[in-house]
Every structure is written in C-alpha cells, then in structure tokens.
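*Asks:* A single structure is presented below for examination.
The values are calculated or read from the model by the stated rules, or taken from the named source; none is laboratory data. The shown structure was predicted, so the numbers you read here are calculated from the model rather than taken from an experiment. All Cβ positions, glycine included, derive from the backbone under ideal geometry; neighbour counts span all protein chains shown. The accessibility values were calculated without ligands, DNA or RNA, using every heavy atom of the protein model including side chains. Shrake-Rupley method; radii C 1.70, N 1.55, O 1.52, S 1.80 Å.
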Amino acid sequence: YVRSPSGQLSLGPGPFVSALETGVGNGLRGESVGKPDRAFFEVCLKDLGVSLDGFGRSQLKIEDVAVVGDDVEADLAGGAIELGLRRILVKTGKYRDGDERKMEIPPDAVFESIGDLVDILLSENLQE
C-alpha cells in the first residue's frame, strides 16, 4: 500500500504487476525499473542514442549528459554515479538544506533553481 499525504491508503504497483505476471501465465516475472537504478538511466541514455559501450555512432556521448534533480537519493545517486553521469542538484522541490553534503560523492554542481542553471547554459552557448 501507499499512504497519501492525507493518510488514505491506496494500492501501490505491486498488485498490478502481480496480476500481469499471472495473466501472462508462463512464469515470467516483472521487473520494476526507476530512479536511481542503473537500468533506468541506461534506458534513458539508449533512448537519447548514447552508446554505453563507446562503439555507437551517436554524436552524443555519455559525458555530454547530465542528470538534473532536486532529490539527492532518487535523482542523483545509484545508477547516475555508476554510469559516471554529471549530476546537478537544484535547490527546489524535495531539496532540504544541506542535502548536497549528505552524499558520499557530492553533485558536480548545485544551483538555486532550474532557472539559474538555464541562465548559465544559455550564457555559455552565447559565448561560443
């Protein structure tokens, strides 16, 4: 079950995954994938055309990709670190004072807001 902020309980994804597994009926098991799992980031990179083995023809390389998030655990940990992605923390939403100091490997950059990040990116592109 998942508890809402008001305290109401509702079904989480488990019963639905179980129903699908039963419906398929051949013993296959569902696999949940989401942040911060490495598999989640690998799927995203593949969708962007980034080659994880270095042999792809994409112009976009893994070092060109950054993960931007406000949650140091869900957005910027796990697979993002394992894959060597740049990690950018924005102090919005789920962010709490000092979150960037709670990580064993701190984020590559910290911005007050996504707007501040966009301003920096635009000013860098204008200078090129």
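*Asks:* Can you give me the number of residues within the range 21-52 that are among the hydrophobic types (A, V, I, L, M, F, W, C) and part of a helix (DSSP H, G or I)? Let's see the steps before the verdict.
*Replies:* As a first pass, look at the range 21-52 and keep what is among the hydrophobic types (A, V, I, L, M, F, W, C): 24, 28, 33, 39-41, 43-45, 48, 50, 52.
So of that shortlist, the ones also part of a helix (DSSP H, G or I) come out as 24, 39-41, 43-45, 48.
Adding up the residues that qualify gives 8.
*Asks:* Within the range 99-127, which residues are loosely packed, with under 11 Cβ neighbours inside 10 Å and touching an Asp or Glu at 6+ places or on another chain (Cβ under 9 Å)?
*Replies:* Lys102, the sole residue that qualifies.
*Asks:* When only residues in the range 1-20 that are polar (S, T, N, Q) and assigned to a loop (DSSP other than H, G, I, E, B) count, which is least open to solvent (accessible area, probe 1.4 Å)?
*Replies:* Going residue by residue through the range 1-20, those that are polar (S, T, N, Q) are 4, 6, 8, 10, 18.
Subsequent filtering for residues that are assigned to a loop (DSSP other than H, G, I, E, B) retains 4, 6, 8.
On the way: Ser4: 42, Ser6: 100, Gln8: 124 Å².
This residue is Ser4.
*Asks:* What are the residues in the range 42-98 that are modelled with pLDDT of 90 or more, open to solvent by 90 Å² or more (accessible area, probe 1.4 Å) and touching a strand residue (DSSP E or B) at 6+ places or on another chain (Cβ under 8 Å), if any?
*Replies:* Arg86
*Asks:* Every residue in the range 99-127 that is within 17 Å of Glu63 (Cβ to Cβ) and either modelled with pLDDT of 95 or more or in a loop (DSSP other than H, G, I, E, B) (or both), please.
*Replies:* Step one: of the range 99-127, the residues within 17 Å of Glu63 (Cβ to Cβ) are 105, 107-109, 121, 124.
Correct list: Ile105, Pro107, Asp108, Ala109.
*Asks:* In the range 71-94, what residues are without any contact (Cβ under 8 Å) to a residue 40 or more places away in the chain and not basic (Lys, Arg)?
*Replies:* To start, the set of residues in the range 71-94 that are without any contact (Cβ under 8 Å) to a residue 40 or more places away in the chain comprises 71-74, 81, 84, 86-94.
Listed by number, the residues that qualify are Asp71, Val72, Glu73, Ala74, Ile81, Gly84, Ile88, Leu89, Val90, Thr92, Gly93.
*Asks:* I'm told Val33 meets every condition in (1) touching a Phe, Trp or Tyr at 6+ places or on another chain (Cβ under 8 Å); (2) closer than 27 Å to Ser113 by Cβ; (3) not small (Gly, Ala, Ser) except one. Can you identify the failing condition by its number?
*Replies:* (2)
*Asks:* So, one more: Just for the range 21-41: of the residues that are modelled with pLDDT under 90 and either within 12 Å of the chain's Cα centre (by Cα) or among the hydrophobic types (A, V, I, L, M, F, W, C) (or both), which one is farthest from Ile88 (Cα to Cα)?
*Replies:* The selected residue is Val24.
*Asks:* I would also like to ask the following. Which count do you get for residues in the range 2-53 that are among the hydroxyl-bearing types (Ser, Thr, Tyr) and out of contact with any Ser or Thr (no Cβ under 7 Å at 6 or more places or on another chain)? Step through it out loud before you land on a result.
*Replies:* Looking only at the range 2-53, we keep the residues that are among the hydroxyl-bearing types (Ser, Thr, Tyr), and these are 4, 6, 10, 18, 22, 32, 51.
Now drop any that are not out of contact with any Ser or Thr (no Cβ under 7 Å at 6 or more places or on another chain), which leaves 6, 18, 22, 32.
Residues that pass the stated criteria total 4.
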